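Below you'll find the structure, written out as structure tokens, and then a few comments.
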Amino acid sequence: MFTDSTSTNLYRRDLGNNLVLKSVATPDDVQRVGAFNIYIHGQGLDTMTSHLINHHPHTHPDDWLFIEDTTTGEVVSALCLIPWTLNYAGVALKAGEVGIVGTRENYRRRGLIRALFARHHELLKAGEFHLSQIQGIPYYYRQFGYEYAMPLEGGMHLQLHQIPDDQAPSAQPYTFRLAELIDIPTLMRLYDATMHDLDICAPRDEAIWHYLLRWSPETETAAQYWLVLDAAKQPVGYVAIQKYGFTNGLNISEDSRLSHGAAMAMLHQLKALAIERGKPFIRFHSHPNSALLKTAQAWGGREEGRYAWQIHLPDVGRLLRQIAPVLERRVADSPLAGFTETVCLNLFREAYDLRFAAGNLVAVEGPKVVDGSSFQLPPLLFAPLVLGYRSLDELHNAYPDVGVWGQSKFIADILFPKMDSYIYTMY
């Protein structure tokens, strides 16, 4: 619990015109930032703010930033850094989400968000983060170095009448119940098994699961976790239903691995819950290859497109060094096995030399400036490439200034293939 005695490194920067950029330092700051977030984003954001600061296992008050008008004492702009850990093909990456961003109307177009992002990027550098992500509005965050580079929610829409009323008899009857804190080890096992199929995912430790079941239900990101039980009453999967969500349907935010029979039974259960709650349809936001979505699709579910996480890479060299084991493994599993060569990655404003010797990435040198390279692309486009969201061919087809020539194309395709990624919320 954050109290007056909580250890913080108070940050304060005078922006001029009676405006001061600060980090949260007192319980009163928590309340004021929460009230501001209600004003900008709507009811419930005060509880979400206080719970994230007070109860989330990985957040810290120093990472919650706001700008105050000293003439009125009002909070006029704010954002926060929410730490994540991502699993990148077996390598841990530190990710710092930009969360709950906003500015009062009469203070906009004064560069306040720019000042907040400057501090956010300082925190990313000091914390040696490998990337930063945001779920934000279209286009705006490109000015701060963010580009669409990882799948986000959206997905499939299923009308209730598309689920047959008569459930086919099954040799394996299923029942359902809400998960409780005592079920955390089971949820961890089911979640970890599901994440095993992904190239990039967000591991959840016990503390994260405790937050999701104990504190998140009181916030705007609340979800119910329904366990799927087999005939022996043993959990064989789960489905998360959002309390709110972006549609007026029954919003499914995630689901674990399920057998086809369990998925059909779960869809009948979801139909019953939707009718009970007055929801006109079911909306699925989870990974598109899940058994639940595939089963819904077979009953006529309609894919309606997906949004994407916007990603910033604060230090490309640091990221490349961190994923060196993955790059070496890709080389070893390819016709490049054992090769010795220097690959120059030119991002126009800066370039990096990846020095391979006998298949090992022995050094990542840079940043430096080069006049040209046989492997070059605009700086923002490296995020979708390195995270496997877009292939080099896809990027080149959309952006003519993506250029890879000769054997560099062969090498780059091996180093940076398409990846299957999906990250579920930590809060």
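The values are calculated or read from the model by the stated rules, or taken from the named source; none is laboratory data. Please read all numbers here as calculations on a predicted model, not as lab measurements. All Cβ positions, glycine included, derive from the backbone under ideal geometry; neighbour counts span all protein chains shown.
Restricting attention to the range 245-272, report how many residues are farther than 13 Å from residue 225 by Cβ and not in a helix (DSSP H, G or I).
10
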Problem - Number of positions in the range 243-252 that are modelled with pLDDT under 95 and either surrounded by fewer than 17 Cβ atoms within 10 Å (Cβ to Cβ) or touching a Ser or Thr at 6+ places or on another chain (Cβ under 7 Å) (or both) - result: 5
Handout entry: For residue 9: the one exception among (1) modelled with pLDDT of 95 or more; (2) closer than 30 Å to residue 316 by Cβ
Key = (1)
Completion exercise
A careful count of residues in the range 273-290 that are of a type in the set (A, V, I, L, M) and at pLDDT below 95 gives 0
Practice task
Specify the residue that is nearest to residue 388 (Cα to Cα); the eligible residues are those in the range 51-102 that are acidic (Asp, Glu) and over 14 Å from the mean Cα position of the chain (by Cα).
Solution key: 63
Exercise for the section: Quick one: which helices (runs of 4 or more DSSP H) lie wholly within the range 357-427 and hold at least 2 residues that are within 29 Å of the chain's Cα centre (by Cα) and surrounded by fewer than 19 Cβ atoms within 10 Å (Cβ to Cβ)? Expected result: 392-398, 407-415
Completion exercise
Exactly one of 47, 70, 6 is surrounded by fewer than 15 Cβ atoms within 10 Å (Cβ to Cβ) and touching a residue at least 12 places away in the same chain (Cβ under 8 Å), and that residue is 70
Exercise for the section: Give me a count of the residues in the range 197-239 that are surrounded by fewer than 17 Cβ atoms within 10 Å (Cβ to Cβ), at pLDDT below 95 and closer than 30 Å to residue 384 by Cα. Expected result: 1
Exercise for the section: Determine whether the range 163-185 contains at least one residue that is within 18 Å of the chain's Cα centre (by Cα), crowded, with 16+ Cβ neighbours inside 10 Å and not aliphatic (A, V, I, L, M). Expected result: no
Practice task
From 268, 210, grab the single residue that is under 17 Å from residue 297 (Cα atoms), out of contact with any strand residue (DSSP E or B) (no Cβ under 9 Å at 6 or more places or on another chain) and not polar (S, T, N, Q).
Solution key: 268
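Looking at 328, 303, can you tell me which residue is farther than 25 Å from residue 90 by Cβ and either of a type outside the set (Gly, Ala, Ser) or touching an Asp or Glu at 6+ places or on another chain (Cβ under 9 Å) (or both)? Show your work before the answer.
On the way: 328 fails: farther than 25 Å from residue 90 by Cβ.
Checking each option against the conditions leaves just 303.
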Problem - Residue identified as out of contact with any strand residue (DSSP E or B) (no Cβ under 9 Å at 6 or more places or on another chain), surrounded by fewer than 22 Cβ atoms within 10 Å (Cβ to Cβ), in contact (Cβ under 8 Å) with a residue 40 or more places away in the chain and not hydrophobic (A, V, I, L, M, F, W, C) among 90, 102 - result: 90
Completion exercise
Scanning the range 302-342 for residues that are assigned to a loop (DSSP other than H, G, I, E, B) and over 25 Å from the mean Cα position of the chain (by Cα), the one surrounded by the fewest Cβ atoms within 10 Å (Cβ to Cβ) turns out to be 335
